[in-house]
Amino acid sequence: MKQQKPLTREQYLKKFSRAVRWRLPPQESEEAISDYRELIFQEERDPERLVEELGEPVQAAHLLTDVKTYRRWLKIFVVLAFGLFLQVRWVWTAWPAVRFWGWDWGVFGEGWRGVAVMVAGLITSLYWFRRHGQKSGGAPKGLWLSCAAVLLFAAGTMILLWYVSSPSFLEYYRTVMEVAHRVPWQIKLLRELMMEGGVAYTLAALAGLVLARCYDRRWLALYSLALTAATLCVFVVFSLNSIDLTYAQAFEMQTYLFTRIIPIGAVGLVGTGVALC
């Protein structure tokens, strides 16, 4: 049986750093990493006996962990991650195809489920990280760029939605359906942006949550912003899935959607601003 190679100093520190950043608050984890860096790189220490002398990296991190506090964090993380899973599930399955018959109020009302998950996620995450999260120095590297990417992509999608839900486009849509019996490419593009964009937003939100735990609580701004964008996608796909776009009542869709999208987005932006403080 082939014997496993011992960890190098760099490999040991890397594994230990990952484990301790997840288990401890940022300031405590950085102190632990600094202490272990000194221990690992002592000149008299034999690199091949690191595990024997200091223990496995994950086990060493476990010994430094306040188990009760860590378990509380895991519960919070599971709740928030489950909320993101629900958003993915709803945005991916709510609109398998465009429907062409009147209002479906059962489907229509489900759009508000995503909003409820968003509000619960914002309140829970802000409460936890304001109490237990830490920040240091200026804004984390990459935070502004990540938030800007989410914001620009979401804004572009909402602009397309504004166009597609306008009475003039819906009149064109009705004509195309009656004459050519095909769905315009703008509708297909919007569907893809909502479904695939919704999945991308939830992944960005999950990344923000992990980074807020491991490095700086201001990464929670990415979680809040991406969660809001995913929620808007869920709300829109359920709403559009509930109405026949050739139906006369559909001409009021633009007003209906944006009188609800704007307040939802505003709540998310407020949560994002609070996360940055």
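The values are calculated or read from the model by the stated rules, or taken from the named source; none is laboratory data. Everything numeric in this text was worked out from a predicted model, so none of it was measured. We work out accessible area using only protein heavy atoms, side chains counted, and drop any ligands, DNA or RNA first. Shrake-Rupley method; radii C 1.70, N 1.55, O 1.52, S 1.80 Å.
Per-structure values
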| quantity | calculated |
| --- | --- |
| Above-threshold pairs, the threshold being 26 Å between Cα atoms, out of 5/68; 68/135; 14/141; 5/141 | 5/68; 5/141 |
| Accessible surface, the chain, averaged per residue in Å² (probe 1.4 Å) | 53 |
| Heavy atoms of residue 193: accessible area, 1.4 Å probe, square angstrom to 10 | 40 |
| Cα principal axis extents for region 146-277, largest first, Å | 57, 24, 21 |
| Highest-fluctuation residue, 221, 180, 266 considered, GNM on the chain with Cα pairs under 10 Å | 180 |
| Nearest 10 degrees, 0 to 90: helix 167-179 Cα axis against the chain principal axis | 70 |
| Sum of -39500 (n - 2.57) over DSSP H runs of 4+, divided by residues of the chain (222 nm, nearest 500) | -25000 deg cm²/dmol |
| Among 88, 67, 237: highest mean-square fluctuation, GNM of the chain, C-alpha pairs under 10 Å | 67 |
| Fraction of accessible area attributable to carbon and sulfur, the chain (%, probe 1.4 Å) | 62 |
| Accessible-area ranking of 82, 235, 153, 77, largest first, probe 1.4 Å | 82, 153, 77, 235 |
| Residue of 177, 195, 158 that the Gaussian network model of the chain assigns the largest fluctuation, springs spanning Cα pairs under 10 Å | 177 |
| The chain - Rg and Dmax from Cα coordinates, angstrom | 24.1, 83 |
